[in-house]
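Below you'll find the structure, written out as structure tokens, and then a few comments.
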Amino acid sequence: MNENPISSFFQNFTNRQLLVANVVIAVLYFLAISLWFPRGNPWLFGILVASQVFYTWQLLTYIYTIWNTEHEPVKDPEFAPGVDVFITVAGEPVEIVEETALAAKAMEYPNFEIYLLNDGYVAGKENWRDIEHLARRIGVHCITRTEAGGAKAGNINNALRRTYNPFVVIFDADHVPHADFLKETMGYFADTQLAYVQSPQYYKNHEENMVTGGSWEQQSLFFGPICKGKNRLNSVTMCGTNMVIRRTALEEAGGMCDTNIAEDFVTGLFIHDNGWKSIYVPKVLAEGLAPEDFLSYYKQQFRWARGSLEVLFKYNPLFRSGLSWAQKIQYVASASFYVSGLFVLLNALIPLAFFFTGAVPFAISTMTLTLIFLPYIFLSIYNLQLSCNFGYTFRALSFSIGQWPIHIKALLAVLTNQKSSFAITSKKKLEGNFVSLVTPHLAYIVLVIIGVGVAFAREGLTPSLITNASWALFYIAIFTPFIKAALPQAEKAKVPALQMAPLKAQSKHLSI
């Protein structure tokens, strides 16, 4: 794409006639496979139907979200109350913190104070004193926490008790604000019911390597049509950085939630449950850093998955009386994305079941299934691409589907109530071979190779073998960029042109 990525992901288009057609075809497809087709193996049939229930839910909630992405809240440019700017620090390199702090000082706004929330001491980081020296040198405040607890959320809550302005801005240490950040956000707070304004997390290093590129391409779908659609539903996700919060709304929610490793997502839920409003500003107002190595990406995604799934099982939005039904749907849809890994695995196992046992979910011809599947998937892909300005890439699909082991690990951690600590995403690239993190994908490839041989020896080159081998190869193709990102040599390469090509393959796994 020739467009500037810093703005192109905000250019979203929808055709409501095509969206309605997509809904109708998706429902017909589900009814056909669940009620019309003759059943084969009952276990495989059950897996396929359960998966399609989930994918239909994802599709319908995505369409509901993007139905109107052009909601424009009212803003008063003259509204300029006092603001406390919090820059959360927990051992990040001093030069990164300094860049963010100096940019914050340069913001064009009449009344704000800057605080470095220094968690380096309680986190056992060697440079915690350097952060205090930095604050004195550049003329900003520094709050060094001496009592641990609550990770980032605890750091913010500690600063809330020691500051006073009615509004609070939160930046991660690496998210450098633009000069107009406060000018673009504060005017919305003339609405006394508005609790927070969220702006995108744009990754300025997205062209560094495969990991940064894949991270950003996943994010661009979320911060493009999805967040813009959430605006009209008063369901904007709190994302932890590049945001402004009304102090009274945050205090009413009990401060930042320090019992969940996705503290921002849960805090936003509590604030909405108390009846407050939220707004998303579709402008890049700060620029941060994506994880530059596969291990850091893996840990980040696990933290998001674990925290979001806990929302479903511990703070279930469906049973929170202060939320509207639109908000309940949005929170469940957002959190349930991290269940998709389970269905990726189950669907990928269907070809393996055929290879080794000959079992199939349906007793129908390949051509019949293809004729009913193609209109459904083609229209789903087209509407997805149209809604995100044809910017959803094959690599973004690979990173979304390829992280299925992360989702399953997070799901098991939630169901078994395992303790998970908050891990700061590394701001320096970690060198190494992270192939062990994609062992499940490599094992799948080996099983497919063996399974194709077993099936061929059993029945020869039958249509069923060709069909199941094609599906297995599709999953292998999807996993390949994800696997490459874990290899050392992949980290040194710039973004390949092929990887940047818009998605031309199946996409049923949407992050809402």
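Rounded to the nearest 20 debye, what is the charge dipole size of the stretch 98-202 about its Cα centre when +1 sits on each Lys and Arg Cβ and -1 on each Asp and Glu Cβ? Mind dumping the intermediate values first?
Numbers: 10 positive and 14 negative charges, 75 e Å.
Charge dipole of the stretch 98-202: 360 debye, to the nearest 20.
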key: Leu318 paired with Ile364, simple spin-label distance in nm, labels 7 Å along Cα-to-beta-carbon   = 2.9 nm
Straight-distance crosslink candidates among aspartates and glutamates, where the alpha carbon sits under 18 Å from Lys183 and sequence neighbours closer than 8 are dropped = Glu72, Asp76, Glu78, Asp84, Glu108, Glu113, Asp191, Glu287
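The stretch 91-194: which chymotrypsin sites (Phe, Trp or Tyr not before Pro) are DSSP loop and have at most 12 other beta-carbon atoms within 10 angstrom?
Values: sites: Phe112, Tyr115, Tyr121, Trp128, Tyr164, Phe167, Phe171, Phe181, Tyr188, Phe189; in loops: Tyr121, Tyr164.
Passing both the DSSP loop test and the Cβ count: Tyr164.
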key: Links that overshoot a 28 Å alpha carbon limit, given the list Lys125/Lys230; Lys152/Lys314; Lys204/Lys314   = Lys125/Lys230; Lys204/Lys314
Distance in nm between pseudo-label sites at Lys283 and Gln193 (7 Å out along the Cβ direction from Cα) = 2.5 nm
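For Cα pairs less than 8 Å apart in space and 6+ apart in sequence, what is the mean separation divided by the residue count of the chain, i.e. the relative contact order in percent? Working shown, then result.
Values: 901 pairs, mean separation 110.6, N = 512.
Reported relative contact order: 22 percent.
Calculate, in nm to one decimal, what Tyr382 and Arg137 gain on full extension: separation in residues at 0.36 nm each, minus their alpha carbon distance. Please list the in-between numbers first.
Values: separation 245, 0.36 × 245 = 88.20 nm, distance 5.34 nm.
Full extension of this stretch gives 82.9 nm more.
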Options (i) 157, 62, 44; (ii) 98, 54, 42; (iii) 76, 47, 47 - which one matches Cα extents along the principal axes in Å as calculated here = (iii)
Using a Förster distance of 30 Å, the FRET efficiency for Asn68-Thr259 (Cβ separation, nearest 0.05) = 0.30
Ile476-Ile450 pseudo-label distance in nm [points 7 Å out on the Cα-to-Cβ vector] = 1.5 nm
inquiry  = Amide H of Thr393 versus every other amide H placed in the peptide plane: which residues, excluding those fewer than 5 positions away on the same chain, fall under 5 Å?
reply    = Leu503
ask   = Between the helical axis of 128-138 and the dominant principal axis of the chain, each derived from Cα atoms, what acute angle in degrees is found, rounded to the nearest 10?
value = 60 degrees
note = The helix 42-66 Cα axis meets the longest alpha-carbon principal axis of the chain at an angle in degrees, between 0 and 90 and rounded to 10, of 40 degrees
Dipole axis of the stretch 1-108 (+1 Lys, Arg; -1 Asp, Glu on Cβ), positive-most option in Leu35, Val53, Tyr64 = Leu35
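Counting pairs of alpha carbon atoms under 8 Å apart in space and at least six apart in sequence, what relative contact order in percent does the stretch 1-130 give? Could you put the intermediate results ahead of the total?
Numbers: 80 pairs, mean separation 27.5, N = 130.
The normalised contact order for the stretch 1-130 reaches 21 percent.
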key: Extreme residue, positive dipole direction of the chain, given options Ile156, Ile245, Val344 (C-beta unit charges)   = Val344
ask   = If you find the alpha carbon centre of the stretch 279-307 and of the stretch 20-81, how far apart are they in angstrom?
value = 25 Å
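Beta carbons within 10 angstrom, averaged per residue: use that to sort the peptides 466-478, 33-45, highest first. Don't skip to the answer; put the middle values down first.
Working: 466-478: 17.3, 33-45: 15.2.
Per-residue Cβ counts within 10 Å, averaged per peptide and sorted highest first, yield 466-478, 33-45.
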ask   = Where does helix 151-160 land angle-wise versus the long Cα axis of the chain, in degrees 0 to 90, nearest 10?
value = 30 degrees
note = With the charge dipole of the chain built from beta-carbon charges (+1 for Lys and Arg, -1 for Asp and Glu) about the Cα centre, the Cα from Leu442, Leu194, Thr462 projecting farthest to the positive end belongs to Thr462
query = What order do you get for 311-322, 452-463 when each peptide is scored by the mean count of other beta carbon atoms within 10 Å, highest first?
reply = 311-322, 452-463
ask   = What pairs from Lys75/Lys328; Lys328/Lys409; Lys277/Lys409 go past 30 Å between their alpha carbons?
value = Lys277/Lys409
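Only the coordinates and a few stated rules stand behind these numbers; no lab work does. Just so we're clear, the structure is a prediction, and the values are computed from it rather than from any experiment. Every residue, glycine among them, receives a Cβ derived from its backbone with ideal geometry; neighbour counts consider all protein chains shown.
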